[in-house]
Amino acid sequence: MTRHWGYVGAIVSAVLFGVSSTLNKIALENVNPVVIAGMIYLVGGVLVFGIHLSPFYKKIISLFETPTETETKISKKDFRILALVILSGSIIAPFMLLHGLNETTAINASLLLNTESLFTVLIGFAFLKERGTKKDYLAILLLLIGVMFITTKGEFKALTLTKEVTGNLLIVGACLFWGIDNNLSKFLSKKRDIVIITGLKCFIGGAVLLVISVLLRVSFNIPLMSIPYILSVGAFSIAFSILLFLFALREIGSVRTGIVFSTSSLFGAVFAFMILGEAFTLIQVLAGLTMLLGVY
């Protein structure tokens, strides 16, 4: 494989994650958000561990073999990094996001969620010394502009960032922790067995979120009609998406992976239009083309 497969992995990861917003929206009609977050991560973890134990495991691992140097052993230091990744990206960030969504407007949340890409770039630039060419920075600019318009539909007059301050800060805080997660995960992506890394991240994060749900006395009522959506999101939007995200981190770094992954908002809007019949405006079409130009 060549380095270009890293970009392919990032884009496919974004597509898989993009469909989650549509499927989760359907499931949210009948299931508590914290329970959904815990269940989809747990399902993803169980699926990945199933792959790890399957007879096809070695063949699957071989698909991710690249010219990039990988490390075969997982050290105690790696487990400490993994613990920080799970804490920041699979527990704190989702928890802050869910509480923030309840205290701010939808358009505020849509815009502020894009700060994840910004934090990923800034942390990678400041602490991991990742650098790019002028073409890279132009691409980042195009993607950030596109993602702002695709999520807000250009309705910036509706923004109320000076109100609902608590909710806004919680969402920005969640994106900061996801940015930390993305950059720390770069170290774990160097491991040959990124399958077991993905499984641990999903399973432990999901289990902790469900324990938090119990402590908060949240209802665990899950209608049968919601189960297919939870299973689909857990398998594709969490398990396979995270696995491909780690692969992309290994090949192209946290800055490029984080920015390309921001196209998930574009794919999310497209899936919402196709499945839920939500509006897809001319501004969003132009924003989507701008994002695709940035990826190119």
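The values are calculated or read from the model by the stated rules, or taken from the named source; none is laboratory data. This is a predicted model, so every value here is computed, not measured. Heads up, the Cβs are rebuilt from the backbone with ideal geometry, glycines too, and the neighbour counts pull from every protein chain shown. With ligands, DNA and RNA removed, areas are computed over all heavy atoms of the protein, side chains included. Shrake-Rupley method; radii C 1.70, N 1.55, O 1.52, S 1.80 Å.
Give the peptides 284-290, 262-268 in descending order of average Cβ contacts within 10 Å, highest first.
262-268, 284-290
Give me the percent of the accessible area of the chain that comes from carbon and sulfur atoms, probe 1.4 Å, all protein chains in place.
72 percent
What does the highest-first list of 122-128, 193-199 look like by mean Cβ count within 10 Å?
Packing order, densest peptide first, comes out as 193-199, 122-128.
So, for the chain, what is the accessible surface per residue at a probe of 1.4 Å, expressed in square angstrom?
The answer is 49 Å² per residue.
Taking only C-alpha pairs under 8 Å that are 6+ residues apart, what is the relative contact order of the chain in percent?
After rounding, I find 46 percent.
Compute the distance in nm between two label points, each set 7 Å from the Cα along the Cα-to-Cβ direction, one at Ile26 and one at Val211.
Once both label points are built, they end up 3.3 nm from each other.
Just the Kirkwood number for the chain, please: inverse of mean 1/r across all distinct Cα pairs, in Å, one decimal.
So the Kirkwood estimate lands at 19.4 Å.
Return the single residue from Val121, Val15, Val214 with maximal mean-square fluctuation; model: Gaussian network over the chain, springs between Cα atoms under 10 Å.
Val214
Each label point is 7 Å from the Cα along the Cα-to-Cβ direction; what then is the distance between the points at Ile61 and Leu289, in nm?
It is 4.7 nm.
With a/c under 1.5 counting as rounded, go ahead and sort segment 180-267 into rounded, prolate or oblate using the C-alpha gyration tensor (a ≥ b ≥ c being the square roots of the eigenvalues; past the cut-off, prolate if a/b is larger than b/c, else oblate).
prolate
Quick check on the chain: helices-only [θ] at 222 nm, where DSSP H runs of length 4 and up contribute -39,500 (n - 2.57) each and the sum goes over total residues. Nearest 500, please.
-22500 deg cm²/dmol
Give Lys25/Lys191; Lys129/Lys191; Lys134/Lys186; Lys129/Lys153; Lys135/Lys201; Lys58/Lys129 a once-over and call out the pairs whose C-alpha atoms are over 29 Å from each other.
In this structure, Lys25/Lys191; Lys129/Lys153; Lys135/Lys201; Lys58/Lys129 lie more than 29 Å apart at Cα.
Once label points are set 7 Å from the Cα along Cα→Cβ at both Ser54 and Ile275, what is their separation, rounded to one decimal in nm?
2.1 nm
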